[in-house]
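To start, the structure itself, in structure tokens.
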Amino acid sequence: MEINTQEVERPEEVIQKTHVQTIPVNGSDHVEKQKLVTGIRKAYIRFRIRLRIFLLAYKGYGSLGKTVKVVKELEQLKMKVFGGNAKRKLVQCDNKFYSHIYIPGFPSKAFDGFVESKLAQFFPMKKKTNPLSFIFFAITSKCPLRCEHCFEWDNLNKKETFSLDELKQVVSRYQEEGIAQFHFSGGEPMVRINDLEHLISSANKKSTFWVLTSGFNVTKENAKRLKIARATGIVVSLDHYDAPMHNAFRGFSILLSGLCRQNRKLKK
Ligand code: SF4
């Protein structure tokens, strides 16, 4: 494939341009820490989650027999995917409970929408549900890394195709269609930290928002900005426990050691 070199930036240029200014966002700067839920409380929350699923099914089908059948099938699917005896964590953050990265926090509209779309895959509901539970949205083609496994090398670091307003329109359009979860990727989405912050803070909070990143530009300050904008979380790719091996694979020298340092600071 031929690339127009006029429009392609070198990775070093992307790094230089990623020096960002902090832009104040609306909302409190209080950041709640996540807590692991255990014991009786965990059992109680799990019971509430089951009850909510049952009620959503009953509301959607209007028949007790069908509700029991569909909920049973959902349980069987869960057993197949996660295994019968699997011990799964339950984490509380911002008054919501999370058991899996691809399941929105409970209780929330996003959780309800996700459950209804899953139930409707077994039996269609009367109300309209969206068969897509989540979308991956590549918000930029910029990336300063050179990962060995990347299948986007030929398309990286070209001129951006979406302005911030266009990104907002896309998110809003998918929200109208009932998408419960957005996973922002790229390129490297943290290259557009200012736009990400505005995109998430201005979106309707009926969905959850994750940022999938290599760790580039993940500083304590930027993580806090995303949190205040009400991002659900970030997912950082780690390819090796040994920092030099990880960095060699990613083609970027300070990534893993920088993240580990950040982690130590956050723990203090
Ligand atoms: S971080 Fe992602 S987009 Fe960038 S080089 Fe690696 S795999 Fe490709």
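The values are calculated or read from the model by the stated rules, or taken from the named source; none is laboratory data. A quick note: this is a predicted structure, and the numbers were derived from the prediction, not measured. Cβ atoms come from the backbone with ideal geometry, glycine included; neighbour counts cover every protein chain shown.
Name the one entry in S133, S172 that is free of Cβ contacts under 8 Å to residues at least 40 places away in the same chain and more than 16 Å from the ligand (Cβ to nearest atom).
S172
Identify, from the list K96, K17, K42, the residue that is at pLDDT 90 or above and under 27 Å from K224 (Cβ atoms).
Working: K17 fails: at pLDDT 90 or above; K42 fails: under 27 Å from K224 (Cβ atoms).
Being at pLDDT 90 or above and under 27 Å from K224 (Cβ atoms) holds for just one of K96, K17, K42, which is K96.
Give the residue, chosen from S117, S207, that is under 30 Å from R46 (Cα atoms), hydroxyl-bearing (S, T, Y) and buried (at least 21 other Cβ atoms within 10 Å of the Cβ).
The match here is S207.
Hey, does region 115-128 have a residue that's under 15 Å from the mean Cα position of the chain (by Cα) and in contact (Cβ under 8 Å) with a residue 60 or more places away in the chain? Can you show your working first?
So the first thing to find is which residues in region 115-128 are under 15 Å from the mean Cα position of the chain (by Cα), and the list is none.
Looking through region 115-128, none of the residues is under 15 Å from the mean Cα position of the chain (by Cα) and in contact (Cβ under 8 Å) with a residue 60 or more places away in the chain.
What about F182, is it more than 16 Å from the ligand (Cβ to nearest atom) and within 16 Å of the chain's Cα centre (by Cα)?
yes
Given the structure, is G84 modelled with pLDDT under 95, small (G, A, S), assigned to a helix (DSSP H, G or I) and over 21 Å from F209 (Cβ atoms)? Give the steps one after another, and end with the answer.
Numbers: modelled with pLDDT under 95: yes; small (G, A, S): yes; assigned to a helix (DSSP H, G or I): no; over 21 Å from F209 (Cβ atoms): yes.
Spelling it out, it is not the case that G84 is modelled with pLDDT under 95, small (G, A, S), assigned to a helix (DSSP H, G or I) and over 21 Å from F209 (Cβ atoms).
Out of the helices (runs of 4 or more DSSP H) lying entirely within region 104-212, which hold 2 or more residues that are in contact with a Gly (Cβ under 8 Å, 6 or more places away or on another chain)? So that I can check it myself, show each step before the final result.
On the way: elements: 109-122, 164-176, 193-202.
Qualifying helices (runs of 4 or more DSSP H): 109-122.
Within region 231-251, take every residue that is touching a residue at least 12 places away in the same chain (Cβ under 8 Å) and away from the ligand (no atom under 16 Å from the Cβ) and give me the one that is farthest from F184 (Cα to Cα).
Within region 231-251, the match that is farthest from F184 (Cα to Cα) is A243.
Write out, first by first residue and then by second, each pair whose Cβ atoms fall under 6 Å of each other, whose residues are 6+ apart or on separate chains, and whose first residue, in region 211-230, is over 17 Å from H198 (Cβ atoms) while the second is acidic (D, E) and crowded, with 19+ Cβ neighbours inside 10 Å.
Note: pairs meeting the criteria are S214/E188; F216/E188.
Which one of the conditions (1) more than 28 Å from A231 (Cβ to Cβ); (2) at pLDDT 90 or above does R48 fail to meet, given that it meets all the rest?
(1)
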